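Chemist: Dumping the structure here so I can ask a few things about it.
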């Protein structure tokens, strides 16, 4: 059985982690704002539908942690920014490409394409 007061504390942790108000949280998971208000006040118990909406809306929330406090929150550590993750993915992709091409990795030409259809081409001179 879910301990309602502990469940409410975990909901509060989620709100603080994502810096959400109760009404923004309700909008995010797709429930009425009054449902969150009644739940946080202890008047209502969480329904299975409510729990599933929280878990599906917030991938860092583990079902067993939310229900029973077992496990950890967040599931994975938040990175500094999505840009850092993208750079790491690109670097990993470049390593794979470098391994696949046994020829020299010297850059011959760089071409930058702009949104208006124009471009600039840079070629190393001299050498």
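Chemist: What distance in nm separates the simple spin-label points at residue 18 and residue 37, each placed 7 Å from Cα in the Cβ direction?
Modeler: Each label point lies 7 Å from its Cα, and together they span 2.0 nm.
Chemist: Then there is this: Please compute the length gained on full extension between residue 114 and residue 68, using 0.36 nm multiplied by the number of residues separating them and subtracting their Cα-Cα distance.
Modeler: Full-extension gain reported as 11.3 nm.
Chemist: Here is a follow-up. Exposure proxy check: 64, 18 ranked by fewest other beta carbons within 10 Å?
Modeler: Fewest-to-most ranking of 64, 18: 64, 18.
Chemist: When N is the residue count of the stretch 1-75, what does its C-alpha Rg come to as a fraction of 2.2 N^0.38 Å?
Modeler: 0.97
Chemist: How long is the gain from residue 60 to residue 3 if the chain were fully straight, where each residue apart is worth 0.36 nm and the alpha carbon distance is subtracted? Write out the running numbers ahead of the final one.
Modeler: Numbers: separation 57, 0.36 × 57 = 20.52 nm, distance 2.10 nm.
Gain on stretching residue 60 to residue 3: 18.4 nm.
FYI, it's all coordinate maths here, none of it is from the lab. As the structure is a computational prediction, the values presented were derived from the model and not from experiment. Here the Cβ is made from the backbone with ideal geometry for all residues, glycine too, and neighbour counts use every protein chain on show.
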